[in-house]
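Since every read-out is calculated from the coordinates, none of them should be taken as a lab result. Please read all numbers here as calculations on a predicted model, not as lab measurements. In this analysis, Cβ positions are derived from the backbone assuming ideal geometry, glycine residues included, and neighbour counts consider all displayed protein chains.
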Amino acid sequence: MAVEYDRFIESGRKWFCHVDDDNYVNLRALLRLLASYLHTQDVYIGKPSLDRPIQATERVSENKVRPVHFWFATGGAGFCISRGLALKMSPWASGGHFMSTAERIRLPDDCTIGYIVEALLGVPLIRSGLFHSHLENLQQVPASELHEQVTLSYGMFENKRNAVHVKGPFSVEADPSRFRSIHCHLYPDTPWCPHTAIF
């Protein structure tokens with residue numbers, strides 16, 4: 001995440017979005033969502049994986065710790081940060097500082113982002129139900145609302161295959177994540193999508 005952040009700052013782009021490599025990103029929905037916010041404002045948007053703020057121990061000095069709690073958007077569903085906010089994160093995130101900040105709370109990178117944004121900068125997470133991780137029951141996402149979703153995931157949930165239930169041109173065996181079928185549902189003119197597909 002540290003390298004991603006530094007590359008984003010160097011790029012001059014408006015939005016920093018992190019999505020795990022086992023997610024499907026619906027670019028139209030993502031762009032529509034981001035267009036409703038100003039990149040110059042403090043925006044941290046995504047979906048938490050917990051139903052409460054995470055509680056951690058912050059190392060303040062060599063011998064002193066204190067409790068800290070904050071919301072964070074799970075990297076498993078993806079999240080976005082505006083350029084305005086990303087620039088404010090710089091003292092704790094740029095040029096190698098991200099790793100030392102993560103060591104202060106001894107939590108993974110997505111938690112560290114939440115710590116910097118919420119606990120250190122005081123900017124609240126904007127929760128969005130349009131981001132989805134494998135930690136939720138993905139079969140509850142209606143196929144009729146797929147075009148609105150920003151990210152989708154797949155995996156196991158309660159010891160069962162967990163993927164969006166969508167009919168499509170590919171069998172579950174050929175498309176276990178259902179991402180190919182979802183893509184053809186959203187973008188039927190894609191060259192590799194069978195033209196006889198009926199959804």
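In sequence order, what are the phi-derived ³J(HN,Hα) couplings for the range 140-153 according to the Karplus relation 6.51 cos²θ - 1.76 cosθ + 1.60 with θ = phi - 60°, rounded to whole Hz, with x for glycine and proline?
Ordered by residue, 3J(HN,Hα) equals 7, 7, x, 4, 5, 10, 4, 5, 8, 6, 7, 10, 9, 9 Hz.
Figure the gain on full extension for GLU173 and LYS14 (residue separation times 0.36 nm, minus the Cα-Cα span) and round it to one decimal in nm.
Here the segment from GLU173 to LYS14 would lengthen by 53.3 nm.
Please give the residues of the range 44-80, grouped as numeric ranges, whose backbone N is less than 20 Å from a label point set 7 Å along the Cα-to-Cβ vector of LEU27.
Within reach of a label on LEU27: 78-80.
Give me, ordered by chain and number, the residues 5 or more places off PHE70 or on other chains with an amide H under 5 Å from its own placed amide H.
Under 5 Å from the amide H of PHE70: ILE54.
Taking the Cα centre as origin and putting +1 on Lys and Arg beta-carbons and -1 on Asp and Glu beta-carbons, what dipole magnitude results for the range 62-140, to the nearest 20 debye?
240 debye
Taking the Cα centre as origin and putting +1 on Lys and Arg beta-carbons and -1 on Asp and Glu beta-carbons, what dipole magnitude results for the range 85-199, to the nearest 20 debye?
The dipole magnitude comes to about 100 debye.
Do the sum for the chain: with -39,500 (n - 2.57) for every DSSP H run of n ≥ 4, divided by all residues, what is the mean residue ellipticity at 222 nm, to the nearest 500 deg cm²/dmol?
-7500 deg cm²/dmol
Using +1 at the C-beta of Lys and Arg and -1 at the C-beta of Asp and Glu, which of LEU186, GLY168, LEU146 has the Cα lying farthest in the positive direction of the dipole of the range 99-199?
The listed residue farthest towards the positive side: GLY168.
At 0.36 nm per residue, minus the direct Cα-Cα distance, what do LEU50 and HIS195 gain on full extension? Give it in nm, one decimal, please.
48.1 nm
Rg/Rh for the range 138-186 to two decimals, with Rh computed the Kirkwood way over all alpha-carbon pairs.
On the Cα set of the range 138-186, Rg over Rh gives 0.93.
From the phi of every residue in the range 121-136, what ³J(HN,Hα) in whole Hz does the Karplus formula 6.51 cos²θ - 1.76 cosθ + 1.60 yield, where θ is phi - 60° and glycine or proline is x?
My calculation for the range 121-136 gives 9, x, 9, x, 5, 8, 7, 10, x, 8, 9, 9, 10, 6, 7, 10 Hz in order.
With +1 assigned to the C-beta of every Lys and Arg and -1 to the C-beta of every Asp and Glu, and no other charges, what is the dipole magnitude of the range 1-104 about the Cα centre in debye, to the nearest 20?
Dipole magnitude for the range 1-104 comes out near 380 debye.
Amide H neighbours of SER128 under 5 Å, counting only residues 5+ apart in sequence or on other chains, H built in-plane at 1.01 Å?
HN-HN under 5 Å from SER128: GLY46, LYS47.
Treating only the Cα positions of the range 2-127 as identical point scatterers, give the base-10 log of I(q)/I(0) from the Debye formula at each q in 0.12, 0.16, 0.21 Å⁻¹.
Normalising to I(0) and taking log10 leaves -0.43, -0.76, -1.30.
Give me a comma-separated list of calculated 3J(HN,Hα) values for the range 93-106, in order, Karplus coefficients 6.51, -1.76, 1.60 applied at θ = phi - 60°, integers in Hz, x for any Gly or Pro.
The phi angles translate into 10, 9, x, x, 5, 4, 5, 5, 5, 4, 5, 4, 10, 6 Hz.
What Cys residues in the chain are without a partner cysteine, judged by a Cβ distance under 4.7 Å?
Lone cysteines by the Cβ rule: CYS111.
Of all DSSP beta bridges located in the chain, what percent are antiparallel, nearest 5?
90 percent
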